[in-house]
Amino acid sequence: MLRGKAFKFGDDISTDLIVPGRLAHLRSNLPELAKHVLEDADPSFASRVRPGDVVVAGKNFGLGSSREHAPLVIKMAGVSAVLARSAARIFFRNAINQGLPVLICDTDRIAEGDELEVDLASGTIKDLTNGAALTFGKIPPVMLRILNEGGLIPYVQRYGNIKV
Amino acid sequence: MAGTLAEKILGRKSGVDVRAGDIVVVPVDLAFVQDTTGPLTVRQFQASGLKKVADAKKAAVFLDHAAPSPRSELSNDHRLLRDFAAKHGCLLFDVGEGVCHQLVAENLAGPGEVIVGADSHSVTAGALGAFATGMGSTDVAVAMGLGKTWLRVPETVKVLVRGSFQKGVSGKDLILYLIGRVGADGATYKSLEFGGGAVNGMGMADRLTVANMAVEAGAKVGLFPSDRVTEEYLRGWGRGHKYVPLQPDPGATYESVVDIDASVLEPMVSRPHTVDNVTTARELKGTRVHQVFIGTCTNGRVEDLAVAARTLRGKRCHAGTRLLVAPASRRVLLGAMRKGYIRTLVEAGATVLPPGCAACLGVHQGVLGDGEVCLSTANRNFKGRMGNPESQIYLASPATAAASAIAGEIVDPREVM
Ligand code: SF4
């Protein structure tokens, strides 16, 4: 069970807004890079986010470049899950590979600052602030196995192979 | 059963008859990284416990995004990547060779292959009939180590392009129009399969431009059939042996069909800050432009520089507009030099940048000032993309870019032709 506060973002939050190209020189310095997470979308996010909090966005979250640093720094900021109406393909796969759940649901029903409770096993989200109960789209079994191992690297360490 | 291009390629590779929705493990013909995604790949590879690259001839490293490096941190990333390539014997394309996707097209990709790159525009090689898709650093690390990856066979949207293009209208205008029509997430998780009379008549440069931007509609892959154009292109780079014909089966199942009449298309432009915010160049007439950038994996080929040179021959860029030109590869630069395009462009006032990504992603070479407007032939205009969130980026074809460089504002290139 994951629990945290909702940070709301709009539609089309690109990987350039999550980790801009101008910070490419920090990509081998992840703790520094993480201080800038989502900076171009919300400059105060990095300083306000607390472990367990949840990024709640509109459609096509994470579109754009394949930079895996995007889900990586979101995870490093302590975010426990990303909820979105839809997510871009590469971001979704990268997030799972980093062990960060991306859950597709009707995020219009969640407001900024709401307390959320996410149950990965049952596929449900409770908005404790407004009482809404949401369900999220199923994660394909192959990805669920990777997520359950904590990401693709732990998965490969354990199995030494990929199986579907 | 009748298959789409995606189903046929992934079926042959996985050795079973596959349909959209199936999940398969396929051998990878090429796995590659570039200098902004590669360092994480190297670290993940080391962490994974995989000792060796499965096949060094099928693993490539490109130093193109920050090339030459503008800062020590990035120079150290380059060192890390060179060391990795040397240790494992992978292919290395060092600073100055060009943008990864252009180099993949020139040197490596072939029809029917499966290619995964740690760069979203890896879809570019779909122009050659390769199932080429972008992934993250970790996926590519694992693909390098195991020589395979897992993929979901995508549903296919058929893009049927009929008729022929008007003068001054190119593949770039087609793909911008398509993205404007379906939206930036209109093809998420899907294969865009191009066909129809206008597509058969399209040269490889235009096909590469169109395939390159398939990802801007969210697509996993943008596939062209492999035909005479493909064969000629491969021969031109001394790789004729890679040619195999490849067409979708008649009766294949498509999720939907987008029908486009090429003859009514006009020069198109994407407005800030999303690629699907598309209109005609005509509509934007009078929009002041401070910088014009011609280059990138989208439109940095000899054919693109030819269009620019033809438009700018004997003319000068507007006094208030900087023109930056970055050939997509060393061989493109050499070709454009031989043909006299570089001289024409420099005489018209262009600054020629080294082959590579150059100004495209805002690490160096052409970062915009606050409030400045750039008209670029690249593929993305997201806020902050070119290094400054306070600037604005419009996207267009090389013809529109060159004509606008002369005018100092956005113009329809047909006006100056
Ligand atoms: S030219 Fe631009 S879009 Fe193409 S690979 Fe380089 S940074 Fe990416």
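For the reader, a short list of remarks on this structure follows.
- For the residues of A:97-110, the average number of beta carbons from a partner chain within 10 Å of their own beta carbon is 1.
- Put simply, when B:403-410, B:213-220 are sorted by average Cβ atoms within 10 angstrom per residue, most first, you get B:213-220, B:403-410.
- Mean-position separation - Cα centroids, region B:43-75 and region B:113-156, in angstrom: 16
- Area projected by the alpha carbon convex hull of the protein assembly as shown, averaged over all directions, nm²: 23.9
- Cross-link reach is defined here as a Cα-Cα straight distance under 24 Å, omitting same-chain residues fewer than 8 places apart; for A:K35 the lysines meeting it are A:K5, A:K8, A:K75, B:K383.
- Computed 3J(HN,Hα) for region B:80-97, one whole-Hz value per residue from the Karplus formula 6.51 cos²θ - 1.76 cosθ + 1.60 where θ = phi - 60°, is 4, 6, 4, 5, 4, 4, 5, 4, 9, x, 5, 5, 10, 10, 7, 3, x, 6, glycine and proline marked x.
- Each of B:L63, B:G96, B:F32 was scored by the projection of its Cα onto the charge dipole of region B:11-112, and the greatest displacement toward the positive side belongs to B:F32; charges sit on the C-beta of Lys, Arg, Asp and Glu.
- Counting all C-alpha pairs of region A:82-164, share separated by more than 23 Å (%): 28
- Taking chain A and dividing mean pair separation by its residue count, relative contact order in percent (alpha carbons under 8 Å, at least six apart): 23
- Candidate lysines - alpha carbon under 22 Å from B:K57, same-chain residues fewer than 8 apart omitted: B:K13, B:K87, B:K148, B:K242
- Counting only Cα atoms, the size of chain B along its three principal axes is 58, 53, 39 Å, in decreasing order.
- Low-density loop cleavage sites - chymotrypsin sites (Phe, Trp or Tyr not before Pro) in region B:205-261, where at most 15 other Cβ are within 10 Å (DSSP): B:W237
- Proximal charge balance of B:A214 [Cβ under 12 Å; K/R count +1, D/E count -1]: +2
- Taking amide H positions as modeled 1.01 Å from N, with prolines and chain starts lacking one, the residues under 5 Å from B:V278 and 5 or more places away or on another chain are B:R271.
- Cross-link reach list, lysines versus B:K158, counting only Cα pairs under 16 Å and skipping chain neighbours closer than eight places: B:K8, B:K190, B:K220
- Of B:R301, B:R207, B:R181, the one that fluctuates the most in a GNM where chain B has Cα springs shorter than 10 Å: B:R181
- Overall form of chain A: oblate. Here a/c, set by the Cα gyration tensor axes a ≥ b ≥ c, is 1.5 or more, and a/b is not larger than b/c.
- Between the C-alpha center of region B:316-333 and that of region A:23-64 there is a gap of 34 Å.
- Toward the positive end of the charge dipole of the protein assembly as shown, with +1 on the Cβ of Lys and Arg and -1 on the Cβ of Asp and Glu, the farthest Cα among B:M337, A:I90, B:V116 is that of B:M337.
- Amide H contacts of A:A87: A:N60, A:F61, each under 5 Å away and 5 or more positions distant or on a separate chain (H built 1.01 Å from N in the peptide plane; Pro and chain starts excluded).
- Think of each Lys and Arg Cβ as +1 and each Asp and Glu Cβ as -1; about the Cα centre, that makes the dipole of the protein assembly as shown roughly 1280 debye.
- Along region B:255-268 the Karplus relation, 6.51 cos²θ - 1.76 cosθ + 1.60 evaluated at θ = phi - 60°, assigns HN-Hα couplings of 5, 7, 10, 9, 9, 10, 9, 4, 6, 9, 6, 10, x, 10 Hz to successive residues, with x for each Gly and Pro.
- Each stretch of four or more DSSP H residues adds -39500 (n - 2.57); spread over every residue of chain B, this sum gives -9000 deg cm²/dmol at 222 nm.
- Among the residues of B:69-81, the average count of other protein chain beta-carbon atoms within 10 Å of the residue beta-carbon is 2.
- Legend: mean number of C-beta atoms from other chains within 10 angstrom of residue C-beta atoms, peptide B:380-392, equals 5.
- For chain B, size of Cβ-based charge dipole, Lys and Arg +1, Asp and Glu -1, in debye: 880
- Relative contact order computed over region B:25-135 (Cα-Cα under 8 Å; 6+ residues apart), in percent: 30
- Chain B, relative contact order [Cα under 8 Å, separation at least 6], %: 18
Bear in mind that the values in this text are calculations on the coordinates, not laboratory data. Keep in mind that what you see is a predicted model, and the values were worked out from it rather than measured. All Cβ positions, even for glycine, are placed from backbone atoms using ideal geometry, and neighbour counts span all protein chains on display.
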